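A.B. asks: Can you keep this structure in mind? I'll have questions shortly.
Where a number appears in this text, it was derived from the coordinates with a stated rule and is not lab data. As the structure is a computational prediction, the values presented were derived from the model and not from experiment. Cβ placement follows ideal geometry from the backbone for every residue including glycine, while neighbour counts extend to all protein chains displayed.
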Amino acid sequence: MTLIHFLNCLSLAAVPYVITYRLSGLSEHGCFWKCVQAASCYAVCQLGKMLFLATFVIDSVPYYGEALRHSMEVLDLVVLQTVMSRGGVYGDLRFLVTGFSWAAAEFIFTRLLPFWVGARGVEFSWRYLQMALDSNIGLVFHLSTAILLAQWKSSERSTPLVLALILLTYRAALFDALPLDPWALLAVKACASAVIGLSALSYTLNNNQKGYSNVFH
């Protein structure tokens, strides 16, 4: 039963990634190694953040460590933008490769080990099902971040774009501040991801019509 629970959690978390990879056109365009390269950038970015935090976080100062940790998420935006600019892919593949790879790398590095150690060791636990669902929500958030960053070089950097990127950067801090139980928090994250995702898509399509962007062209 423990192995079945592990496989259920792993399937619930991984199948949306497989479907996204297959149906988004990434597999048809031979982007596997591009995704691997982008995922490697994620690993290097997270390692750099951990080394920086381990060096400069001062435990004796209240809230300093948490504020610095959440502020370091800005580095993800910088690296994401760099990967999109120099990744050798164009059009809608830019944000697809980068956003998908970022989400997939996060799943591999932060979910697989807990599933293997935790879900494989118990017959059933809602905690790991929640982690699997949270991983799916993360996929939407990362794709939304990538598609908005793809608009950053357009001729019109509007206030909604900046605010959306700020919210996406500090979403972990905002969600942590909510006094909700795990299922309610998961529902809030799902609704927020849907709103952000649809808004990012609408914003991009609107920019396409104005000629500011070539994403989806």
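A.B. asks: Nearest 20 debye, what's the magnitude of the dipole of the chain about its Cα centre given +1 on Lys and Arg Cβ and -1 on Asp and Glu Cβ?
C.D. replies: Values: 14 positive and 12 negative charges, 92 e Å.
Charge dipole of the chain: 440 debye, to the nearest 20.
A.B. asks: Quick check: residue separation of residue 167 and residue 188 times 0.36 nm, minus the Cα distance between them. What number comes out in nm?
C.D. replies: Value of the extension gain: 6.1 nm.
A.B. asks: For region 158-175, just list the computed ³J(HN,Hα) in residue order, Karplus coefficients 6.51, -1.76 and 1.60, θ = phi - 60°, integers in Hz, with x standing in for Gly and Pro.
C.D. replies: Calculated HN-Hα couplings, in order: 6, 4, x, 5, 5, 5, 5, 5, 5, 4, 5, 5, 9, 4, 4, 5, 5, 5 Hz.
A.B. asks: Also: List residues of region 32-57, by number, whose backbone nitrogen lies under 14 Å from a label position 7 Å along Cα→C-beta of residue 78.
C.D. replies: 45-53
A.B. asks: Show me, for region 140-148, the HN-Hα J-couplings you get by feeding each phi into the Karplus relation (A = 6.51, B = -1.76, C = 1.60, θ = phi - 60°), rounded to Hz, glycine and proline as x.
C.D. replies: With coefficients 6.51, -1.76 and 1.60, one gets 5, 4, 5, 5, 5, 4, 5, 5, 6 Hz.
A.B. asks: Based on the Kirkwood radius over alpha-carbon pairs, what value in µm²/s does the Stokes-Einstein equation return for the translational diffusion coefficient of region 2-210 at 10 °C and 1.306 mPa s? Intermediate results must be reported in sequence, preceding the final value.
C.D. replies: Working: Rh = 18.2 Å.
Rounded to a whole number, D works out at 87 µm²/s.
A.B. asks: Another one. Under the rule that an exposed site lies in a DSSP loop and has at most 13 other Cβ atoms within 10 Å, name the longest stretch of the chain with no GluC sites (Glu not before Pro) of that kind, not counting the sites themselves.
C.D. replies: Numbers: sites that count: 28, 123, 156.
No qualifying site falls inside 29-122, the longest such stretch.
A.B. asks: Could you check the spin-label model distance between residue 33 and residue 122? Points 7 Å from the Cα along Cα→Cβ, value in nm.
C.D. replies: Roughly 4.2 nm, to one decimal.
A.B. asks: Grab the DSSP H runs of the chain that are 4 residues or longer, score each as -39,500 (n - 2.57), total them, divide by all residues and round the 222 nm result to the nearest 500 deg cm²/dmol. Could you put the intermediate results ahead of the total?
C.D. replies: Details: 10 runs with 163 residues, N = 217.
Roughly -25000 deg cm²/dmol at 222 nm, from the helical runs in the chain.
A.B. asks: Here is a follow-up. May I ask for the longest run of the chain untouched by trypsin sites (Lys or Arg not before Pro) that are loop-located per DSSP and have at most 15 neighbouring C-beta atoms (other than their own) within 10 Å? Mind dumping the intermediate values first?
C.D. replies: Values: sites that count: 153, 157.
By the stated rule (loop sites, at most 15 other Cβ atoms within 10 Å), 1-152.
A.B. asks: Next question. What whole-number distance in Å separates the alpha-carbon centres of region 6-24 and region 96-136?
C.D. replies: 10
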